[in-house]
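The values are calculated or read from the model by the stated rules, or taken from the named source; none is laboratory data. Please read all numbers here as calculations on a predicted model, not as lab measurements. Using ideal geometry, Cβ is built from the backbone for each residue, glycine included, and neighbour counts are taken over all protein chains shown. Quick note on the areas: whole protein, heavy atoms, side chains included, nothing else; ligands and nucleic acids left out. Shrake-Rupley method; radii C 1.70, N 1.55, O 1.52, S 1.80 Å.
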Amino acid sequence: MAALPAYLLLLLLVLVILRPAAAPGAASQPPTSEPHLPPPLLAQKVQVWPKPTSISWPYAVYAPLSPSFSVRAVLSHPSLRQAVAFYTRLIRAERHAPLVPPANYTLSRVPVRTLTLSVSDPDVPLGPAVDESYTLSVLPDSGSADISAATPWGAIRGLETFSQLAWAGGGAASGGQPIVPSGIEIFDRPHFTHRGILLDTARNFYPVRDILHTLRAMAFNKLNVFHWHITDAQSFPIVLPTVPNLANSGSYSPTMRYTENDVRHIVSFAASFGIRVIPEIDMPVYSRLSVARFGSGHTGSWAGAYPEIVTCANRFWAPHAEPALAAEPGTGQLNPLNPKTYRVAQDVLRDMVALFPDPYLHGGADEVNTACWEDDPVVRRFLAEGGTHDHLLELFINATRPFVAQELNRTVVYWEDVLLGPKVTVGPTILPRETTILQTWNDGPENTKRVVAAGYRAIVSSASYYYLDCGHGGWVGNDSRYDKQEKEREGTPLFNDPGGTGGSWCAPFKTWQRVYDYDILHGLTDDEAQLVLGGEVALWSEQSDETVLDARLWPRAAAAAETLWSGNKGSNGKKRYANATDRLNDWRHRMVERGIRAEPIQPLWCSLHPGMCNLSQ
């Protein structure tokens with residue numbers, strides 16, 4: 001072979017010397033400096049969860065964060081001040097390594113030194129329908145990034161987005177610092193103003209640290225409502241100053257109580273992430289079917305302190321050959337015919353308002369168990385004289401709702417059953433629409449339609465989509481239904497065999513795709529849709545406590561978070577669950593890196609081979 005001419009050897013040597021260093025995971029080797037006009041690379045993805053409303057990033061250019069990176073803002077608002085401190089630490093320390101790193105990008109030489117926050121109205125209080133919109137930009141070659149928002153709460157959402165833009169790319173060329181997209185512009189705002197998680201802390205107790213941990217995970221997912229179902233028939237774990245004996249007698253133990261300081265700490269911590277805390281003291285009954293379709297007493301835990309105001313307290317829940325007194329173990333309902341009931345209830349409500357500043361107060365009021373009320377002789381006499389169960393509930397609502405709405409200045413949230421319940425209801429005249437919100441949980445879109453068609457604002461928590469405890473089987477003991485060795489007969493309701501409930505009334509398990517694909521506005525007119533405030537996924541805690549909390553919630557609650565923030569459809573109007581699968585795999589991976597023990601949604605192989613585990617291409 002003939003020797004190469006000297007000028008060709010010289011050219012090859014120059015090309016080798018000038019070859020750029022490779023960034024980790026890059027398919028081709030990006031230069032360490034940004035060319036004047038980098039070519040557009042449309043295949044680049046911006047991994048932010050929930051997916052922002054609008055992203056513009058014309059060129060695949062990243063800029064490293066300076067080791068001295070800082071967030072600049074006029075921190076007059078205490079919640080924003082705390083959020084800035086948290087996110088500054090997170091952004092500086094986090095070194096997220098995506099499961100499938102971006103490839104074919106260019107690295108700018110100019111590091112991002114500052115992120116400037118601009119808030120036009122820093123004094124807007126946290127509350128319903130607060131503006132959470134923001135714009136975010138990383139200016140090319142400027143060394144700076146900006147977040148502009150109307151309120152502190154929008155600025156906090158922008159901080160979360162910026163934290164997710166950063167990842168550990170660039171290698172030695174970035175000095176080991178995280179890199180962020182340069183030249184990116186994001187405009188973002190939520191579809192729904194109410195995006196929440198309901199956590200039941202009565203059936204099993206959750207320590208304060210685990211509630212704070214959950215609030216932090218909610219902030220990562222831009223959820224903004226923590227619906228705290230504090231008490232139930234099983235326990236009354238909150239210490240209220242006017243009626244302390246409710247907790248003294250109704251909590252599981254002195255170590256399983258929430259003190260005033262605990263509550264104030266939780267509320268303050270939540271506010272630092274733009275999360276409202278809505279408390280629920282479910283009266284006069286318990287709010288949810290659990291074992292079978294019976295109404296269920298909720299206030300049995302009150303009986304230790306005030307036995308005279310509770311009917312059917314501490315009875316066996318399912319007496320033989322008699323109507324069940326509750327849907328699950330733990331009986332008791334407040335007696336609407338005892339005047340002391342209202343004195344105690346008003347003390348409870350007054351103390352709750354003093355502890356929780358949110359303008360919403362959840363009063364439960366669903367699924368009355370008629371047999372439990374009928375266990376009381378005074379109630380039986382009332383019914384014998386022509387009274388009705390509806391009238392009993394009406395007495396209670398009429399005595400408590402105006403007190404909450406007028407004297408305590410709160411909007412009352414009830415479960416849908418107060419209006420739609422199969423056994424006991426009250427009429428619309430008892431529930432003024434201006435100060436009443438109804439939360440749906442039964443019959444999916446059908447009941448949402450019925451609520452908003454009646455003119456009420458709605459929060460959607462349909463059990464068929466949003467109940468995260470479903471599908472884990474039954475939990476009551478001494479249950480002979482499990483003692484079946486033969487195959488169950490076809491044509492009968494299945495229990496143990498594949499396709500059966502296994503004892504879970506709301507089986508099957510709600511997968512993330514089931515959660516993600518739920519359209520909470522399904523079947524509504526435009527006017528009706530305006531009355532839907534948003535939705536909440538719910539974790540009822542018969543079989544949950546702090547040891548399994550993360551895996552029960554995440555990443556399924558993250559699926560709801562995206563649909564409530566930016567919807568579940570792409571610009572073509574089609575559901576984007578296929579696209580969401582790969583993004584949720586990576587987001588779950590990042591949440592785990594952040595200390596959230598979210599369960600996997602697929603084998604790791606699927607994450608490393610995007611699209612290969614889909615049912616269809």
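Structural remarks
- Residue in the stretch 224-242 that is open to solvent by 10 Å² or more (accessible area, probe 1.4 Å) and either without any contact (Cβ under 8 Å) to a residue 12 or more places away in the chain or part of a strand (DSSP E or B) (or both) present: no
- Entirely in the stretch 357-426, the helices (runs of 4 or more DSSP H) that have 2 or more residues that are surrounded by 16 or more Cβ atoms within 10 Å (Cβ to Cβ) and of a type in the set (Gly, Ala, Ser): none
One line per residue, one yes/no per condition, for (1) surrounded by fewer than 21 Cβ atoms within 10 Å (Cβ to Cβ); (2) at pLDDT 95 or above; (3) in the same structural domain as Ser133 (by the TED database):
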residue	(1), (2), (3)
Val61	no, yes, yes
Pro64	no, yes, yes
His77	no, no, yes
Ala85	yes, yes, yes
Ile91	no, yes, yes
Arg95	yes, yes, yes
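- As for the stretch 578-586, it holds no residue that is part of a loop (DSSP other than H, G, I, E, B), more than 15 Å from Asp517 (Cβ to Cβ) and either in contact (Cβ under 8 Å) with a residue 24 or more places away in the chain or over 18 Å from the mean Cα position of the chain (by Cα) (or both).
- Residues within the stretch 183-195 that are assigned to a loop (DSSP other than H, G, I, E, B) and open to solvent by less than 10 Å² (accessible area, probe 1.4 Å), tallied: 1
- Looking across the stretch 288-313, just one residue is more than 7 Å from Gln333 (Cα to Cα), at pLDDT below 90 and β-branched (Val, Ile, Thr), and that is Val291.
- Unmet requirement for Leu198, which otherwise passes all of (1) outside the structural domain of Ala557 (by the TED database); (2) aliphatic (A, V, I, L, M); (3) assigned to a strand (DSSP E or B): (1)
- Within the stretch 564-581, not a single residue is crowded, with 19+ Cβ neighbours inside 10 Å, in the same structural domain as Asn204 (by the TED database) and in contact with a Leu (Cβ under 7 Å, 6 or more places away or on another chain).
- So Glu407, is it farther than 30 Å from Gly474 by Cβ, at pLDDT 95 or above and acidic (Asp, Glu): yes
- Residue selection: Gly491 satisfies the criterion of being of a type in the set (Gly, Ala, Ser) and outside the structural domain of Arg552 (by the TED database).
- Scanning the stretch 508-551 for residues that are over 30 Å from Val208 (Cα atoms) and in a loop (DSSP other than H, G, I, E, B) turns up Pro508, Asp517, Tyr518, Asp519, Ile520, Leu521, His522, Gly523, Leu524, Thr525, Gln530, Leu531.
- The number of residues in the stretch 443-473 that are touching a residue at least 40 places away in the same chain (Cβ under 8 Å), of a type in the set (A, V, I, L, M) and not in a helix (DSSP H, G or I) comes to 4.
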